[in-house]
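*Asks:* Structure provided below as structure tokens; questions to follow.
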Amino acid sequence: MKKPLIGISGSTTHLENGLFAGYNRCVLDQTYIDAVIRADGIPYILPFNTDDEIIEEMVKNVDAIILSGGNDIFPLLYGEEPKEKLGEIFPDRDKFETILINTAVKLKKPILGICRGHQLINVTFGGTLHQDLSYGENVTIKHFQKAKWNIFTHSISIDKNSFLNDIFEVSGIGFVNSFHHQIINKIAPGFKVIAKSSDNVIEAIENLDSENLILGIQWHPEMMAATDKYAHKIFKKFIDYVKDNKKYK
């Protein structure tokens, strides 16, 4: 069976000091690559750039995309001025990944958004964010953990009619890690909430169109996939969906 090509959005880092000060490098956490390989996909890094045609061509050459984590989303994209607790933004990356999303939708290629990717999916389709956890209502649990990255720290409740339903051992309940300070406020039209934390923070969303999966996850399963079977199952189920969707034989 042919393995599907999974495009993973990269970012860029700017070196500040030393011999290479001012030099930009393409970056992506290794855990995304490892999680895709372990789930029987072929990872392709989609390097950050601002050329619309190049970005569209990149999507044409893969079978699905994963939107990786990173900077805060530029709030003007959802009609808000920046608030005091907004973190570092990267508007050009917002543009880059918005084109990735829109092209994938046009070509009916599945999308998995992780953390920032989950938030950008919601914004791209008309939803909004809280620029910081403190701007949400009744947020009471710790959403940016101090525990090691591959350890789960809080529970989530899961919609039994969703992509995530059969991922965890106990139906309707899961356990996740957490490294974020922004959260979804208003969910985008055409999407439904499929997982929440105990303080009602939206932890996952899924589109209502059954023809092509668009899934957003607030936590970081790629960080846990090497040691946690449930995190691995998210990638495995997503890549199996891509195989079935593209009818690989």
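The values are calculated or read from the model by the stated rules, or taken from the named source; none is laboratory data. In this text the structure is predicted, and so the values were computed from the model without any measurement. For neighbour counting, all protein chains shown are included, and Cβ atoms are generated from backbone atoms with ideal geometry for every residue, glycine included. Surface accessibility is based on the protein's heavy atoms, side chains included, excluding ligands, DNA and RNA. Shrake-Rupley method; radii C 1.70, N 1.55, O 1.52, S 1.80 Å.
*Asks:* Shape call for the chain from the C-alpha gyration tensor, a ≥ b ≥ c root eigenvalues: rounded (a/c under 1.5), prolate (a/b greater than b/c) or oblate?
*Replies:* On the way: a/c = 1.29, a/b = 1.01, b/c = 1.28.
Verdict is rounded for the chain.
*Asks:* Further question on the same structure: Which order do peptides 77-86, 117-126 fall in by mean Cβ count within 10 Å, highest first? Mind dumping the intermediate values first?
*Replies:* Numbers: 77-86: 13.3, 117-126: 23.4.
Result, highest mean Cβ count within 10 Å first: 117-126, 77-86.
*Asks:* Something else now. Would you mind putting 196-202, 233-239 in packing order, based on average other-beta-carbon counts within 10 Å, highest first? Display every interim value, and only then the final one.
*Replies:* Working: 196-202: 18.0, 233-239: 22.1.
The peptides rank, most packed first, as 233-239, 196-202.
*Asks:* Label point 7 Å out from His14 along Cα-to-Cβ: which residues of the range 94-128 have amide N under 17 Å?
*Replies:* In the range 94-128, the label zone of His14 (backbone N under 17 Å from the point 7 Å along Cα→Cβ) covers 94-96.
*Asks:* Further question on the same structure: Once the piece of chain linking Glu53 and Arg25 is laid out straight, how much longer is it, given 0.36 nm per residue of separation minus the C-alpha distance between them? Before the final figure, lay out the partial values.
*Replies:* Numbers: separation 28, 0.36 × 28 = 10.08 nm, distance 2.14 nm.
Here the answer is 7.9 nm.
*Asks:* Keeping all protein chains in place, calculate the accessible area per residue for the range 91-185 (probe 1.4 angstrom), answer in Å². Walk me through the numbers before you get to the answer.
*Replies:* On the way: 3950 Å² over 95 residues.
Accessible area per residue: 42 Å².
*Asks:* From the Cα gyration tensor of the range 163-218, with a ≥ b ≥ c the square roots of its eigenvalues, which class applies: rounded if a/c is under 1.5, or else prolate if a/b is larger than b/c, or else oblate? Please report the intermediate quantities before stating the final value.
*Replies:* Details: a/c = 2.00, a/b = 1.11, b/c = 1.79.
In terms of gyration-tensor shape, oblate.
*Asks:* Considering only lysines 8 or more places apart in sequence, or on different chains, count the pairs in the range 185-240 whose C-alpha atoms sit under 21 Å apart.
*Replies:* Working: Lys186/Lys196; Lys192/Lys237; Lys196/Lys229; Lys196/Lys233; Lys196/Lys237; Lys229/Lys237.
Lysine pairs meeting the criterion: 6.
*Asks:* Counting only helical runs of four or more DSSP H residues, what would the 222 nm mean residue ellipticity of the chain come to if each run contributes -39,500 (n - 2.57) and the total is spread over all its residues?
*Replies:* Numbers: 6 runs with 65 residues, N = 249.
After summing the helix terms and dividing by the residues of the chain, the value is -8000 deg cm²/dmol.
*Asks:* Heavy atoms only, 1.4 Å probe, whole protein assembly: order His143, His232 by accessible area, highest first.
*Replies:* Largest accessible area first, the list is His232, His143.
*Asks:* Next question, about the same structure. If Val139, Val59 are ordered by their accessible area, calculated over protein heavy atoms with a 1.4 Å probe, which sequence runs from highest to lowest?
*Replies:* Values: Val139 45, Val59 0 Å².
Putting Val139, Val59 in descending order of accessible area: Val139, Val59.
*Asks:* Provide the per residue accessible area, probe 1.4 Å, for the range 196-249, rounded to a whole number of square angstrom.
*Replies:* Value returned for the range 196-249: 42 Å² of accessible area per residue.
*Asks:* Using amide H atoms built 1.01 Å from N in the peptide plane, name the residues 5+ places from Leu129, or on other chains, whose amide H lies under 5 Å from its own.
*Replies:* Asn185, Lys186
*Asks:* Rounded to the nearest 5, what % of the DSSP beta bridges within the range 91-249 are antiparallel ones?
*Replies:* On the way: 18 of 22 bridges.
Roughly 80 percent of the beta bridges in the range 91-249 run antiparallel, per DSSP.
*Asks:* Return the carbon/sulfur percentage of the accessible area of the chain, one whole number, probe 1.4 Å, all protein chains in place. Display every interim value, and only then the final one.
*Replies:* Working: 6110 of 11760 Å².
Summing carbon and sulfur atoms, their accessible area is 52 percent of the total for the chain.
*Asks:* Need one word for the range 1-76: rounded, prolate or oblate. Basis is the Cα gyration tensor (sqrt eigenvalues a ≥ b ≥ c); a/c below 1.5 gives rounded, then a/b vs b/c decides. List each step's numbers first, then the result.
*Replies:* On the way: a/c = 2.00, a/b = 1.56, b/c = 1.28.
Because a/c hits 1.5 or more and a/b exceeds b/c, the range 1-76 counts as prolate.
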